[in-house]
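Everything below concerns the one structure shown next.
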Amino acid sequence: DTAVSQTPKYLVTQMGNDKSIKCEQNLGHDTMYWYKQDSKKFLKIMFSYNNKELIINETVPNRFSPKSPDKAHLNLHINSLELGDSAVYFCASSQRGSTEAFFGQGTRLTVV
Amino acid sequence: AQSVTQLGSHVSVSEGALVLLRCNYSSSVPPYLFWYVQYPNQGLQLLLKYTSAATLVKGINGFEAEFKKSETSFHLTKPSAHMSDAAEYFCAVSDPPGNTGKLIFGQGTTLQVKP
């Protein structure tokens, strides 16, 4: 069973569109994250939720809106997609108090 | 503020040779340090972590790292490289447990293994 799963794995879309990426974890963790990996492979945190409460919101454009319907899910919705949004987006989860985060396989978003 | 710096964006070794990937950190609190590996088109997999216990940490696939506070370093080593080790390696530092748990990554090092 996949511990942290993201869908879709690949997403190609046109500028201006709205898209969502879904993430689910079956590890029973209480904290979930979204990280962005740019074209130079640099990884940076975007958001984090603990028990459905937003605890990290880095300097991310308002077009990005995370939603956590429950502890096991953290979705990322992106409005009005721009070319610069092209990247690989990783979901991760951990248990607060633990030091280990588990990552999904990533979603490669290409905006054309 | 915490940060990590990986020295060398690209390292090339011959199969069977020593692998040394360098990481230096900056942290105002005792750091929790990690090495992650990313294979092509894959997610990140934890290789090993330092959490203030033993300074020499052993991980998966024969990798190990030594925490040196005096040098603020956490270099990753493997005695003998294998072709399957070719991947992207990331050093990271995190908040202490109980805080946000966010990871701050270095720039990554691409390891190439030549036959």
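The values are calculated or read from the model by the stated rules, or taken from the named source; none is laboratory data. Keep in mind the model is a prediction, meaning the values are calculated, not measured. Heads up, the Cβs are rebuilt from the backbone with ideal geometry, glycines too, and the neighbour counts pull from every protein chain shown. Each accessible area value is taken on the protein alone, full model and side chains, heavy atoms only, with ligands, DNA and RNA left out. Shrake-Rupley method; radii C 1.70, N 1.55, O 1.52, S 1.80 Å.
Report whether or not A:ASN51 is more than 10 Å from every other protein chain (Cβ to nearest Cβ) and more than 14 Å from the chain's Cα centre (by Cα).
So A:ASN51 passes the test.
Taking the stretch A:57-112, which residues are within 14 Å of chain B (Cβ to nearest Cβ), open to solvent by 60 Å² or more (accessible area, probe 1.4 Å) and either in a strand (DSSP E or B) or of a type in the set (A, V, I, L, M) (or both)?
Of everything in the stretch A:57-112, those that are within 14 Å of chain B (Cβ to nearest Cβ), open to solvent by 60 Å² or more (accessible area, probe 1.4 Å) and either in a strand (DSSP E or B) or of a type in the set (A, V, I, L, M) (or both) turn out to be A:ASN57, A:ARG96, A:PHE102, A:ARG108.
For B:ASN99, are the conditions met, namely being assigned to a helix (DSSP H, G or I), open to solvent by 60 Å² or more (accessible area, probe 1.4 Å) and under 28 Å from A:SER5 (Cα atoms)?
no
Among (1) touching a residue at least 12 places away in the same chain (Cβ under 8 Å); (2) within 13 Å of chain B (Cβ to nearest Cβ), where does A:LYS41 come up short?
Every condition holds for A:LYS41 apart from (1).
So, in the stretch B:40-58, of the ones that are at the interface with chain A (Cβ under 9 Å from one of its Cβ atoms) and touching a helix residue (DSSP H, G or I) at 6+ places or on another chain (Cβ under 9 Å), which residue ends up most open to solvent (accessible area, probe 1.4 Å)?
The selected residue is B:GLN45.
How many residues does the stretch A:12-32 contain that are assigned to a strand (DSSP E or B), touching a residue at least 60 places away in the same chain (Cβ under 8 Å) and surrounded by fewer than 19 Cβ atoms within 10 Å (Cβ to Cβ)?
The total comes to 3.
Just one of B:LYS78, B:LYS68 is in contact with a helix residue (DSSP H, G or I) (Cβ under 6 Å, 6 or more places away or on another chain) and over 30 Å from A:THR107 (Cβ atoms); which is it?
Unique residue meeting the criteria: B:LYS78.
Can you pull out the residues in the stretch B:67-96 that are part of a strand (DSSP E or B), among the charged types (D, E, K, R) and over 14 Å from B:TYR32 (Cα atoms)?
B:LYS78, B:GLU88
Out of the stretch B:67-91, which residues are within 8 Å of chain A (Cβ to nearest Cβ) and of a type outside the set (D, E, K, R)?
Within the stretch B:67-91, B:PHE90 is the sole residue that qualifies.
Which number in (1) open to solvent by less than 70 Å² (accessible area, probe 1.4 Å); (2) away from chain A (no Cβ under 12 Å); (3) out of contact with any Gly (no Cβ under 7 Å at 6 or more places or on another chain) marks the one condition that B:CYS23 misses?
Failing condition for B:CYS23: (3).
Would you say A:LYS9 is more than 11 Å from the chain's Cα centre (by Cα) and surrounded by fewer than 18 Cβ atoms within 10 Å (Cβ to Cβ)?
yes
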